[in-house]
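**Student:** Supplied in structure tokens, the structure appears directly below.
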Ligand code: SF4
């Protein structure tokens, strides 16, 4: 078992990760909290909205607060169409943010649900341009297949609408993606509690991305640590192969007992 | 259906009678609801709801942090010109007011831009008085081209445009429109706008919708509080915002609750809108539209603004000056007097002291 765990690495693009918790940075009360939060969580992948990256404002530039050994995953937050997402991705690369890009295309300002169709379009274009594309999407099997065909490096279905902390409401759909899609499935958005992150990992998700749950916790640093532990625990449980769930107690007078007589 | 028709659904509503029927239990139930109806929103604007402000505030704060985090977007207005052909009785730029009229040259626009950019802000709101002649769309576009070198988000607060003109400006790089109806009550509107193109109530009312159709990312609306009964004005603003958000899901619809400020004309407010009224309006609106932006300008006092940070506000102006060219040179007469005179660094420090992060930049597409 130990060997399995020590070899349990997550490969995305050309990166090999040991932590399966990805962190979002959009809602903190102070960027100065970010390094501490990242450290406590053990996270190696951090997403930042390009819309907020401001290289000219050193003190407020969020990228300055992300440790150099972390993988920066700029996202296209604010994009309403594939075209806008593509422009933002190119700007991010030009700004030196690397090749990873989380596609976020949202044209629903009431619920912030992703536009799967525009997301597929943006993924096709950016994957062809050599980006490591991680699309955020509403969990739908056919869309996930199209994203895989389009060259996505992973698929990021939502657990519940962004920022709601409602948990893994899309569980059955995410489960199907995990079974059917040969790419890492990263549950993004909606996870509000470490136990929910652990549940996603137990199901076989490759990773979990969390922002609001940590940023709006009374103690973000301690919450980040709790998420790191929960994700690792959930992953271990998945690898350990949980025993079957028994719906009924094993009967002392089994119905088929006579066969053994 | 147009917004005019949408608003007409409520013109005959007897507000007093509606308010009389609201009970404490109604308010408590509404505060706990997942999604409020338009009439729920009106109930939260009732005198009865004043007793429940703390519960509303807790919920508004929770929703705002959930959707926006502990952050506050900062921006500042930049006045390009103050020529105006209208005669709004409540405004310092009124066509007949004897003030020095100015319009910035591109060199002056650069000077303003440099002064503002030095504070770190990346979002600006450019304003002109309402004169198509002096501040033509071509002039605005030229200024936008200049300003794009300094800022990543440019919004406009100018006279109402037609859809094609808004489109032209979107293509030039403008991403937001602020358009205040000033007063939704049509009779009072006619009274306060005695002459000039602004008399056309419906052309103005439809302007935010035209901006949505033209592809603007953010559309900010509002009533100027003090011109009519604030409860019904707040209600109609909410109905308007809800109408736009339902029809244009991809647009970030936001509101501002500006209160009348002293200005050169000296027109006194018709109605006194208290701090408590503003708070109730903002809280009710936050519960009604949890994802919408709410902007609080420097018309409000420093004390009021500090206290509103945790009550649902998502955008604040900082280091404001309402005079043309006022950021770079000694100011002439402003459109109205500002109240919170702190500079950007002071506002940032205030936000940090409340455990909030100032956001200088929240959009970039070029
Ligand atoms: S409110 Fe606007 S339109 Fe009216 S007088 Fe003032 S600047 Fe002119």
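No value in this document is a laboratory result; all are computed from the given coordinates. As the structure is a computational prediction, the values presented were derived from the model and not from experiment. Every residue, glycine among them, receives a Cβ derived from its backbone with ideal geometry; neighbour counts consider all protein chains shown.
**Student:** On a 0 to 90 degree scale, rounded to 10, what angle separates helix A:116-128 from the longest Cα axis of chain A?
**Tutor:** So the inclination is approximately 70 degrees.
**Student:** What's the exposure ranking of B:221, A:178, going from fewest to most Cβ atoms within 10 Å? Walk me through the intermediate numbers first.
**Tutor:** Numbers: B:221 23, A:178 19.
Fewest-to-most Cβ neighbours within 10 Å comes out as A:178, B:221.
**Student:** Given labels modelled 7 Å from the Cα in the Cβ direction, how far is it in nm from residue A:179 to residue B:37?
**Tutor:** 4.2
**Student:** Considering only DSSP beta bridges where both residues belong to the protein assembly as shown, give the percentage that are antiparallel (nearest 5).
**Tutor:** Values: 5 of 61 bridges.
Around 10 percent of the beta bridges assigned by DSSP in the protein assembly as shown are antiparallel ones.
**Student:** Please state the relative contact order of the range B:184-298 as a whole percent: Cα pairs under 8 Å, 6+ residues apart? If you can, show how the numbers build up before the last one.
**Tutor:** Numbers: 127 pairs, mean separation 31.0, N = 115.
It rounds to 27 percent for the range B:184-298.
**Student:** Just to be sure I understand the model, the point goes 7 Å from the Cα along the line to the Cβ. What's the resulting residue B:307 to residue B:58 distance in nm?
**Tutor:** Inter-label distance under the simple model: 2.0 nm.
**Student:** Please work out how much length the chain gains when fully extended from residue B:163 to residue B:8, using 0.36 nm per residue of separation minus the C-alpha to C-alpha distance, in nm with one decimal.
**Tutor:** On the way: separation 155, 0.36 × 155 = 55.80 nm, distance 2.34 nm.
Extra length available between residue B:163 and residue B:8 comes to 53.5 nm.
**Student:** On a full-extension model of 0.36 nm per residue, what is the gain between residue B:100 and residue B:271, subtracting their alpha-carbon distance, rounded to one decimal in nm?
**Tutor:** On the way: separation 171, 0.36 × 171 = 61.56 nm, distance 2.97 nm.
Full extension from residue B:100 to residue B:271 adds 58.6 nm.
**Student:** If you don't mind, another one. In peptide A:48-58, what is the residue-averaged number of other protein chain Cβ atoms found within 10 Å of each Cβ? Walk me through the numbers before you get to the answer.
**Tutor:** Working: counts 0, 4, 3, 9, 8, 2, 8, 0, 7, 6, 1.
Average neighbour count from other chains, rounded to a whole number: 4.
**Student:** Given Cα pairs under 8 Å that are at least 6 residues apart, what percent is the relative contact order of chain B? Present the calculation step by step, with values, prior to reporting the outcome.
**Tutor:** Values: 694 pairs, mean separation 88.3, N = 366.
Normalised by residue count, the contact order of chain B is 24 percent.
**Student:** Using 0.36 nm per residue of separation minus the Cα-Cα distance, give me the extension gain between residue B:346 and residue B:191 in nm, one decimal.
**Tutor:** Values: separation 155, 0.36 × 155 = 55.80 nm, distance 4.02 nm.
Contour length minus Cα-Cα distance gives 51.8 nm.
**Student:** Next question, about the same structure. Looking at the range A:1-160, what % of its DSSP beta bridges pair antiparallel, to the nearest 5? Please report the intermediate quantities before stating the final value.
**Tutor:** Values: 4 of 19 bridges.
Rounded to the nearest five, the antiparallel share is 20 percent.
**Student:** Considering every residue in B:353-363, what mean count of other chain Cβ atoms within 10 Å of its Cβ is obtained? Spell out each step's value before the answer.
**Tutor:** Details: counts 0, 1, 3, 2, 9, 2, 6, 7, 10, 7, 7.
If you average over the peptide's residues, the count of other-chain Cβ atoms is 5.
**Student:** Of B:137, B:282, A:48, how do they rank once you tally other Cβ atoms within 10 Å and put the fewest first? Don't skip to the answer; put the middle values down first.
**Tutor:** Working: B:137 18, B:282 22, A:48 25.
By the 10 Å Cβ count, ascending: B:137, B:282, A:48.
**Student:** Alpha carbon centre of the range A:168-197 versus the range B:304-320: separation in Å?
**Tutor:** If you average the Cα positions of each part, the centres end up 37 Å apart.
**Student:** So how far apart, in nm, are the two label points at residue B:148 and residue A:218 if each is 7 Å from Cα heading toward Cβ?
**Tutor:** If labels sit at residue B:148 and residue A:218, their model points lie 5.0 nm apart.
**Student:** Now, a different point. What whole number of Å gives the distance from the Cα centroid of the range B:48-66 to the Cα centroid of the range B:93-162?
**Tutor:** If you average the Cα positions of each part, the centres end up 37 Å apart.
**Student:** Take peptide B:66-74, look around each residue's Cβ out to 10 angstrom, count Cβ atoms belonging to other protein chains, and average those counts. Please report the intermediate quantities before stating the final value.
**Tutor:** Numbers: counts 7, 6, 3, 11, 8, 7, 0, 0, 0.
The mean count of partner-chain Cβ atoms within 10 Å per residue comes to 5.
**Student:** Additional query: Please rank B:288, B:15, fewest neighbouring Cβ atoms within 10 Å first, as an exposure proxy.
**Tutor:** Details: B:288 23, B:15 15.
Listing B:288, B:15 from fewest to most nearby Cβ atoms yields B:15, B:288.
**Student:** Please determine, in degrees from 0 to 90 and to the nearest 10, the orientation of helix B:163-172 with respect to the longest principal axis defined by the Cα atoms of chain B, where the helix direction is its Cα long axis.
**Tutor:** Compared with the principal axis, the helix lies near 60 degrees.
**Student:** Once both axes come from the Cα atoms, what is the angle between helix A:141-150 and the longest principal axis of chain A, in degrees from 0 to 90, rounded to 10?
**Tutor:** 50
**Student:** Same structure, new question: Hey, what did the range A:1-140 get for relative contact order, percent, Cα under 8 Å, at least 6 apart? Mind dumping the intermediate values first?
**Tutor:** Details: 222 pairs, mean separation 23.1, N = 140.
Here the relative contact order equals 16 percent.
**Student:** For chain B, set up a GNM with springs between Cα atoms under 10 Å and report which of B:13, B:104, B:121 has the largest fluctuation.
**Tutor:** Between B:13, B:104, B:121, it is B:13 that shows the largest mean-square fluctuation.
**Student:** Could you sort the peptides B:27-35, B:151-159, B:76-84 by per-residue average Cβ neighbour count (10 Å cutoff), highest mean leading? Let's see the in-between values first.
**Tutor:** Numbers: B:27-35: 13.8, B:151-159: 22.7, B:76-84: 24.7.
Packing proxy ranking, top to bottom: B:76-84, B:151-159, B:27-35.
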